[in-house]
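Here's a structure for you.
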Amino acid sequence: MPTCTHLEAAPLTPLPAGFEPFCEDCVLTGGQWVHLRRCLECEHVACCDDSPGKHASAHFAGAGHPVMTSVEPGEHWRWCFLDEEIG
């Protein structure tokens, strides 16, 4: 099975000091989020595809940063948008 090089290049990192869990884009547009994701390249926090805004996918489409991780309590996984692989 092929290994995603994007996941290999983006290890899980601790949340930044003072992290506040909210979707930056939903706050700007008045939207609501379901679950939050954090870009492992630039630390942008956005909502998942179950949320109306789908801002994590929009961040990937706009910025091209392929790997996000969950910021939900107890979840420790990453998702590569390019290879559609979880790690």
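Matching residues to (1) of a type in the set (D, E, K, R); (2) in contact with a Ser or Thr (Cβ under 8 Å, 6 or more places away or on another chain):
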{"position": "E41", "(1), (2)": "yes, no"}
{"position": "V45", "(1), (2)": "no, no"}
{"position": "D50", "(1), (2)": "yes, no"}
{"position": "G64", "(1), (2)": "no, no"}
{"position": "F81", "(1), (2)": "no, yes"}
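Kindly provide the set of residues from the stretch 6-30 that are within 14 Å of A58 (Cα to Cα) and not in a helix (DSSP H, G or I), ordered by number.
Answer for the stretch 6-30, where residues must be within 14 Å of A58 (Cα to Cα) and not in a helix (DSSP H, G or I): just C23.
Enumerate the pairs (first residue in the stretch 15-38 and of a type in the set (F, W, Y); second residue anywhere and modelled with pLDDT of 95 or more and part of a loop (DSSP other than H, G, I, E, B)) with beta-carbon separation below 6 Å, excluding pairs fewer than 6 apart on the same chain, so at least 6 apart or on different chains.
The qualifying pairs are W33/C23; W33/S51.
Moving on to the next point. Being among the β-branched types (V, I, T) and farther than 16 Å from S70 by Cα is the requirement here; does T13 meet it?
Judged against the criteria, T13 is not a match.
Determine the pairs where a residue that is closer than 13 Å to H6 by Cα, located within the stretch 71-86, has a partner that is surrounded by fewer than 17 Cβ atoms within 10 Å (Cβ to Cβ) and of a type in the set (F, W, Y) with Cβ atoms under 7 Å apart, the partner being 6 or more residues away or on another chain.
I86/W77
The values are calculated or read from the model by the stated rules, or taken from the named source; none is laboratory data. Model, not experiment: these values are computed from the prediction. Backbone-built Cβ (ideal geometry, glycine too); neighbour counts: all protein chains shown.
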